[in-house]
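First the structure, in the form of structure tokens, and then the observations on it.
The values are calculated or read from the model by the stated rules, or taken from the named source; none is laboratory data. Values in this document were obtained by computation on a predicted structure and should not be read as measured data. As a convention, Cβ positions derive from the backbone with ideal geometry for all residues, glycine included, and neighbour counts pool all protein chains shown.
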Amino acid sequence: MGEAFIVAATRTAGGRKGGRMAGWHPADMAGQVLNSLIDKTGADPALVEDVIMGCVGQAGEQAVNIGRNAVLASKLPESVPATSVDRQCGSSQQALHFAAQAVMSGSMDIVIAAGVESMTRVPMGTPSILALKAGLGSYMSPAIQERYPNIQFSQFAGAEMVAKKYGLTKEQLDEFGFRSHQRAIAATQGGKFKDEILALEITTADGKTELHTVDEGIRFESSLEAMRAVKLLQEGGALTAATSSQICDGAAGVMVVNAAGLKALGVEPLARIHHMTVIGGDPVIMLEAPIPATERALKKAGMSIDDIDLYEVNEAFASVPVAWLQHLGADPDKLNINGGAIALGHPLGGSGAKLMTTLIHALKERGKRYGLQTMCEGGGLANVTIVERL
């Protein structure tokens with residue numbers, strides 16, 4: 001079996017719902033990410049053999065194979081194919097896994113894995129909502145309802161269930177959310193994101209044109225007291241909007257190659273894919289799967305959590321990474337060191353590639369070797385990717 005290397009990684013700065021990135025059509029936004037990967041490597045665009053793009057809200061402007069539409073909106077030639085992947089929030093992390101598997105098999109040498117989500121232009125839940133409005137029914141089939149009677153799958157309920165199962169308090173989660181903003185502020189002001197962010201031109205509310213280079217969700221004036229004052233998402237719960245991921249517009253991508261691809265491009269790799277795992281778990285608690293997925297990944301890789309230098313665990317809700325830390329006995333100083341989705345935003349299908357971009361650059365900046373990325377996903381799923389910086 002061959003090896004898979006990441007030779008370029010980039011992401012846009014996140015935009016708030018209705019904010020600075022709202023003017024970008026998602027296909028054009030993703031197309032700019034594809035262009036950036038070509039520019040970073042100096043690759044002949046015709047050498048790209050496939051584009052695999054994660055996207056959750058595949059409706060409206062993100063319908064009809066957003067991956068292919070992004071290619072058509074980019075400098076890539078029409079000969080480059082593309083497909084779109086939906087593994088819920090892990091969609092572009094799964095796109096990375098598929099790309100790695102393609103080049104490791106030798107069936108392809110150069111593949112781009114990417115993800116995009118404009119949560120302003122295609123709001124969360126749009127495909128299901130449109131189907132119900134059109135009288136096309138629900139994904140909850142009779143067989144599913146028989147297996148899970150009187151159950152409505154909900155990530156919000158699942159996040160509270162995780163908090164309760166692991167004995168997490170509101171105070172713990174508030175402190176974690178505040179730390180996410182503080183780390184994101186430090187990373188932004190310290191220039192840690194400079195090499196990973198693709199600057200996109202935007203038009204501001206007053207009609208001026210400028211480049212968008214700073215994640216819009218960061219609350220630079222945030223305080224722990226203010227976060228503690230935010231009302232609970234549900235009575236008796238532990239989570240608030242301040243300890244949940246932010247709705248976000250954004251895109252990200254990585255170029256994945258094998259040894260033949262490295263030779264064809266004449267570039268040095270940033271990282272090697274060391275291990276990949278995907279797992280299914282309880283779809284009711286839903287968001288707990290990163291814990292058993294990480295345990296499985298470490299066991300298969302012959303590693304312990306102490307062998308990992310940095311972790312990126314998506315902050316869909318604060319209860320997820322805090323429970324993950326607690327159960328695995330992981331070092332909180334290695335987790336989401338530049339902040340996470342609570343501060344930076346969670347562009348659903350774009351987040352997997354976004355987190356990997358940040359992880360690779362953080363490993364390089366700190367001179368560290370191994371990084372682990374995982375995220376919870378709708379349906380009780382989780383992906384884990386372990387990379388080695390080269």
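For this structure, a couple of remarks:
- Cβ separations smaller than 9 Å between residues 6+ apart or across chains give the following pairs from the stretch 347-366 residues that are at positive phi and buried (at least 23 other Cβ atoms within 10 Å of the Cβ) to residues that are of a type outside the set (A, V, I, L, M) and part of a helix (DSSP H, G or I): L348/S91.
- Residues that are aliphatic (A, V, I, L, M), within 13 Å of G115 (Cβ to Cβ) and assigned to a helix (DSSP H, G or I), drawn from the stretch 38-74: I66, A70
- Residue check for S92: assigned to a helix (DSSP H, G or I) and either of a type in the set (F, W, Y) or in contact with a Phe, Trp or Tyr (Cβ under 8 Å, 6 or more places away or on another chain) (or both): no
- Extreme residue, farthest from R68 (Cα to Cα), among residues of the stretch 115-132 that are β-branched (V, I, T) and in a loop (DSSP other than H, G, I, E, B): T120
- Where a residue in the stretch 61-74 is within 23 Å of P45 (Cα to Cα) and its partner, wherever it lies, is of a type in the set (V, I, T) and surrounded by fewer than 19 Cβ atoms within 10 Å (Cβ to Cβ), with Cβ under 7 Å and at least six apart: N65/T83; G67/T83
- So F220, is it among the aromatic types (F, W, Y), in contact with a Ser or Thr (Cβ under 9 Å, 6 or more places away or on another chain), touching a residue at least 24 places away in the same chain (Cβ under 8 Å) and buried (at least 22 other Cβ atoms within 10 Å of the Cβ): no
- The listed residue being at pLDDT 95 or above, assigned to a strand (DSSP E or B) and among the small types (G, A, S), out of A264, A251, A238, A242: A251
- Within the stretch 283-370, helices (runs of 4 or more DSSP H) holding 1 or more residues that are touching a strand residue (DSSP E or B) at 6+ places or on another chain (Cβ under 6 Å): 290-301, 319-328, 351-366
- Listed conditions (1) assigned to a loop (DSSP other than H, G, I, E, B); (2) more than 19 Å from the chain's Cα centre (by Cα); (3) modelled with pLDDT of 95 or more; (4) buried (at least 18 other Cβ atoms within 10 Å of the Cβ) are all met by K192, apart from (2).
- Note on the stretch 195-229: among residues that are modelled with pLDDT of 95 or more, assigned to a loop (DSSP other than H, G, I, E, B) and among the β-branched types (V, I, T), the one that is farthest from N338 (Cα to Cα) is T213.
- Test: residue in the stretch 167-175 that is of a type in the set (A, V, I, L, M), buried (at least 16 other Cβ atoms within 10 Å of the Cβ) and either part of a loop (DSSP other than H, G, I, E, B) or modelled with pLDDT under 95 (or both): yes
- Just one of the listed residues (A301, A259, A264, A293) is crowded, with 24+ Cβ neighbours inside 10 Å, of a type in the set (G, A, S) and touching a residue at least 40 places away in the same chain (Cβ under 8 Å), and it is A293.
- Candidate set: the stretch 304-332, residues that are among the small types (G, A, S) and over 15 Å from G371 (Cα atoms); chosen: the one surrounded by the most Cβ atoms within 10 Å (Cβ to Cβ): A318
- Condition broken by M303, with the remaining ones in (1) among the aliphatic types (A, V, I, L, M); (2) within 23 Å of H181 (Cα to Cα); (3) over 14 Å from the mean Cα position of the chain (by Cα) satisfied: (2)
- Out of F178, F156, sole residue that is within 21 Å of the chain's Cα centre (by Cα), among the aromatic types (F, W, Y), crowded, with 16+ Cβ neighbours inside 10 Å and under 28 Å from A251 (Cα atoms): F178
- Residue identified as among the basic types (K, R), more than 30 Å from K299 (Cβ to Cβ) and surrounded by 15 or more Cβ atoms within 10 Å (Cβ to Cβ) among R272, R228: R228
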